[in-house]
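The values are calculated or read from the model by the stated rules, or taken from the named source; none is laboratory data. Since the model is a prediction, treat every value here as computed from it, not as a measurement. Glycine also receives a Cβ, built like all others from the backbone with ideal geometry; neighbour counts cover every protein chain displayed. Side chains are part of the model used for accessible areas, which takes the heavy atoms of the whole protein and leaves out ligands, DNA and RNA. Shrake-Rupley method; radii C 1.70, N 1.55, O 1.52, S 1.80 Å.
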Amino acid sequence: MKKSLIRITWPNKILTEAKEGDDWFINAKKANINIPKGCLSGNCGACEIDVNGKTIRPCISSIELSHRELNIEFTIDPYWN
């Protein structure tokens with residue numbers, strides 16, 4: 001069975017398409033987005049992004065078909081700004 005394409009809108013308004021299970025970092029690179037990296041094990045939270053309003057850690061999760069369209073925003077931490 002063919003996997004459905006998921007449309008992703010990045011903070012820089014570039015659109016990409018991915019399949020369920022694809023890597024967040026690779027897809028972000030296609031949109032000229034650099035997701036910050038830290039521990040790459042899900043402990044530090046440096047890579048957190050908001051996907052349709054839900055915060056995820058892309059280092060320990062892959063793209064999921066929760067919706068046909070995903071809107072990405074960077075998580076804002078008032079202590080780091």
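Restricted to segment 28-55, and to residues there that are of a type in the set (G, A, S) and under 12 Å from T9 (Cα atoms), the residue that is farthest from the chain's Cα centre (by Cα) is A31.
Annotation note: Cβ proximity below 8 Å between a residue of segment 4-22 that is over 17 Å from S66 (Cβ atoms) and a residue that is in a loop (DSSP other than H, G, I, E, B) and open to solvent by 50 Å² or more (accessible area, probe 1.4 Å) (sequence gap 6+ or interchain) occurs for N12/N32; I14/N32. Checked against (1) open to solvent by 50 Å² or more (accessible area, probe 1.4 Å); (2) within 11 Å of the chain's Cα centre (by Cα), P58 meets all criteria but (1). Note on segment 23-55: residues that are open to solvent by 80 Å² or more (accessible area, probe 1.4 Å) and either under 13 Å from H67 (Cβ atoms) or at pLDDT 95 or above (or both) total 5.
Quick one: is L65 open to solvent by 80 Å² or more (accessible area, probe 1.4 Å) and not charged (D, E, K, R)?
no
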